[in-house]
Amino acid sequence: LAKSEGGGRVRFFEPAIAEEAKARLELKNNLKRAIEEKAFVLRYQPIVSMATGVAEHFEALVRWMRPDGMVPPDRFIPLAEETGLIIPIGRLVLDMAFARLRRWREEGSSIRLAINISRNQFQDEDFVEDLINRARAAEVDPATVVLEITESMIIADPQAAKVILGRLIVSGFRIAVDDFGVGYSSLSVLVEYPVHIVKLDKSLIKSLEYDVRARSMVSGFIALFQRLGLEVVAEGVETASQHEFLSLAGCDLAQGWLYGKPLPPEAASALGRAAAVRPDNAADDRDAAP
Ligand code: C2E
Ligand code: MG
Ligand code: MG
Ligand code: MG
């Protein structure tokens, strides 16, 4: 009996594994074609100043355009990283982001744009030179570009990271540490490495609602990072009470559904031009006036 059960399991699993391999191969081939066809677009999520409510900063977030709709990055970036396809995708992202920054400058706005850099790109030996060349070709001022990396990318090879970060900073780019507060979180990275911005991960912001210790941690981080001369961004701000807490804690910038979702470029331009985003009026379900 046991034997037949075992056989049953094998018969059950084999096709499943083959299915999965087939699906991955198909996804990989589709991604390759998407790169040739440049079938990616960027959405731009506002990052607002907590003091003024103005959206002077945006984060570029990639989407894959397919006939049946837009595919979010979580569904294709991991495979792109495993297969090396993230390198050409990353270059397309840089070109789109720089073209948009140039348009914004021509329209007279001084928007700063954050771009996510994958671990593979960061480790690619041509990365820094390629980035500088693309920025120059698009006539983009590196001071308006924020490169978002994660601590794990620094920790993977601290010596190499120091050299790369040094070259990027000398070239005028600004560096943000993304997703701080999950996984590898290491304060020494932020003390020892020359970064400009730290983004508190949305899981930390979420726990502000119900976790007293998270509240102490977040206000402590904000104070500490500011004393280190870093700008602090809170990610994933969804509620007015999170906004209020962060504002009282002196957080510099915030990003989340409360202020705006990732937008097509025209809508982002309009928001960037608008005098102020008023989070209190935007989506406050507590103090909503009748
Ligand atoms: P991330 O860099 O941490 O980006 C923030 C993610 O949080 C975005 O998801 C954004 O839409 C989402 N988000 C923003 N506000 C809120 C909120 O209030 N609540 C919730 N629940 N989520 C919020 P998205 O666009 O799906 O991107 C996911 C991840 O994919 C990004 O996380 C980033 O790691 C990666 N990614 C996106 N674009 C690129 C890219 O161009 N290159 C690379 N290498 N990675 C990218
Ligand atoms: Mg990011
Ligand atoms: Mg993040
Ligand atoms: Mg991330």
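The values are calculated or read from the model by the stated rules, or taken from the named source; none is laboratory data. Every value quoted in this text rests on a predicted model; they were computed, and no experiment measured them. In this analysis, Cβ positions are derived from the backbone assuming ideal geometry, glycine residues included, and neighbour counts consider all displayed protein chains. With ligands, DNA and RNA removed, areas are computed over all heavy atoms of the protein, side chains included. Shrake-Rupley method; radii C 1.70, N 1.55, O 1.52, S 1.80 Å.
Values for this structure:
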quantity: Spacing of the two label points (7 Å from each Cα toward its C-beta) at Glu266 and Arg136, in nm; calculated: 3.5
quantity: Proximal lysines relative to Lys199, as straight alpha-carbon distance under 25 Å, when same-chain residues fewer than 8 apart are discounted; calculated: Lys162, Lys261
quantity: Spin-label pair Ser241/Glu36, simplified geometry with 7 Å Cα→Cβ offset, distance in nm; calculated: 5.4
quantity: Summed residue charge, Cβ within 14 Å of Leu228's Cβ, Lys/Arg positive, Asp/Glu negative; calculated: -2
quantity: Pairwise label distance in nanometres, Glu106 with Arg227, each label 7 Å out on the Cα-Cβ vector; calculated: 4.7
quantity: Length gained when the stretch Trp257-Glu19 is fully extended (0.36 nm per residue, less Cα-Cα span); calculated: 82.0 nm
quantity: Which of Val198, Ala39, Ala254, positive extreme of dipole for the chain (C-beta unit charges); calculated: Ala39
quantity: Selection from Ala21, Val54, Gly236 lying farthest towards where the dipole of the chain points positive, charges on Cβ; calculated: Ala21
quantity: Extension gain from Glu56 to Gln123, taking 0.36 nm per residue of separation minus the Cα-Cα distance; calculated: 21.1 nm
quantity: Inter-part distance where the range 40-59 and the range 77-91 are each reduced to a Cα centre, Å; calculated: 25
quantity: Charge context of Phe98, other residues only, Cβ under 9 angstrom, K/R +1, D/E -1; calculated: +1
quantity: Loop sites in the range 23-124: GluC sites (Glu not before Pro), DSSP, at most 10 other Cβ within 10 Å; calculated: Glu37
quantity: Under 11 Å, Cβ to Cβ, from Ser203 - net charge with Lys/Arg +1 and Asp/Glu -1; calculated: -2
quantity: Simple Cβ-charge dipole of the chain, Lys/Arg +1 and Asp/Glu -1, about Cα centre, in debye nearest 20; calculated: 380
quantity: Average accessible area per residue (Å²) across the range 1-151 - probe 1.4 Å, nucleic acids and ligands excluded; calculated: 54
